[in-house]
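Report on one structure; see the data block that follows.
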Amino acid sequence: MKKTVISEFEIKLEFDKNTENPSRLFRSFAEIIEDIRSLDTVLAKCINTSVSTKMFLNDIEKGSLIAKLWDELIINEEDKLDDLEDPKKVSVFIDKSRSKALEFLQNGKSSVEDLDKLSSDIEVIAKEEELDTTFNYGSPDILELAKSLNNISETTNKLSENEKLIFSNNQNSSEELTNNIAKINIEDVEKALTAEEINNDSIAFYKIKKPDFLGDSQWEFKHGNKSIKIKILDEDWLEKFKNGQEIVVPGDSLKVKIKQNFKYNRNGYLISEKTEIIKILGIIKN
């Protein structure tokens, strides 16, 4: 039988009562809830748990939007909680680690060195709660952690100057985020983790699903049963496409030369995969 532990926390969005376009606030609020759930999932993996989040909006107050939430932490290995004198230590770990991660953003941290320090701080919390001996503790995936923190940054940076998010939990911790949060350079993180890098050039056929008419973002294709988004770097072909000299419609296919980049860590685990179209070789009509 699976064991569960509850981690309660609160998110408050403060804003002016006469704010225009209030739907923007609700969208941002919904996004930050999902962002926090993603962060908690990364943290929970450290102690071999999976996380499902039940979300409840407790109240809407004048000048603020408050949500009281909880994570339901499901322990995969049945006997692990029985080894703990106080199962609540699991939720305390999540609460303290989440606060430490939000404090990272609040203090404007963004470097790979800062991320390593955050990972070490989370490990200290696990040891304080005796989870390093009860569970098969593993450090958080630095790349996943960076991406989850960037999601929070992106959502927070959509707020106006006079708006802020306040996060609190049962550990009497409170963090505030405004719209000037720094973002982590994911390429720097990948570079720090990469032990071996492999580059391949090859020919492929991609069925066009959605072209990019602006020419500065990714096209959407079908490749077998997979939907993929890839950027085209062939500037000469793109210029002809924008000028109407090359005409394609959804359903047509492109014969292309692609460049693929694979980055592996020291354990041989694939941490990054990138594909770009460097040359358009032809159009295959539907």
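The values are calculated or read from the model by the stated rules, or taken from the named source; none is laboratory data. None of the values given here were measured: they were computed from a predicted structure. All Cβ positions, even for glycine, are placed from backbone atoms using ideal geometry, and neighbour counts span all protein chains on display. We work out accessible area using only protein heavy atoms, side chains counted, and drop any ligands, DNA or RNA first. Shrake-Rupley method; radii C 1.70, N 1.55, O 1.52, S 1.80 Å.
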For region 1-19, what are the residues that are closer than 15 Å to GLY63 by Cβ and out of contact with any strand residue (DSSP E or B) (no Cβ under 6 Å at 6 or more places or on another chain)? PHE15, ASP16, LYS17, ASN18, THR19
Looking only at region 164-217, which residues are among the hydroxyl-bearing types (Ser, Thr, Tyr), modelled with pLDDT of 95 or more and loosely packed, with under 14 Cβ neighbours inside 10 Å? SER202
Which of the residues that make up region 249-267 are farther than 18 Å from ILE203 by Cβ, of a type outside the set (Phe, Trp, Tyr) and open to solvent by less than 90 Å² (accessible area, probe 1.4 Å)? VAL249, PRO250, GLY251, LYS263, ASN265
Among what's in region 220-245 and is in contact with a strand residue (DSSP E or B) (Cβ under 7 Å, 6 or more places away or on another chain) and free of Cβ contacts under 8 Å to residues at least 40 places away in the same chain, pick the residue that is farthest from ASN200 (Cα to Cα). LEU238
Report, by residue number, each residue of region 2-32 that is surrounded by fewer than 16 Cβ atoms within 10 Å (Cβ to Cβ), aliphatic (A, V, I, L, M) and either modelled with pLDDT under 90 or touching a Leu at 6+ places or on another chain (Cβ under 9 Å) (or both). ILE6
Pull up region 268-286, narrow it to residues that are under 30 Å from GLU239 (Cβ atoms) and of a type in the set (A, V, I, L, M, F, W, C), then point me to the one that is least open to solvent (accessible area, probe 1.4 Å). ILE277
A careful count of residues in region 198-247 that are closer than 18 Å to ASN261 by Cβ and of a type in the set (S, T, N, Q) gives 4
Looking at ASP188, ASP216, ASP212, ASP201 in this structure, which one is of a type outside the set (Ser, Thr, Tyr) and touching a helix residue (DSSP H, G or I) at 6+ places or on another chain (Cβ under 6 Å)? ASP188
In region 95-121, how many are in a helix (DSSP H, G or I) and under 18 Å from SER168 (Cα atoms)? 12
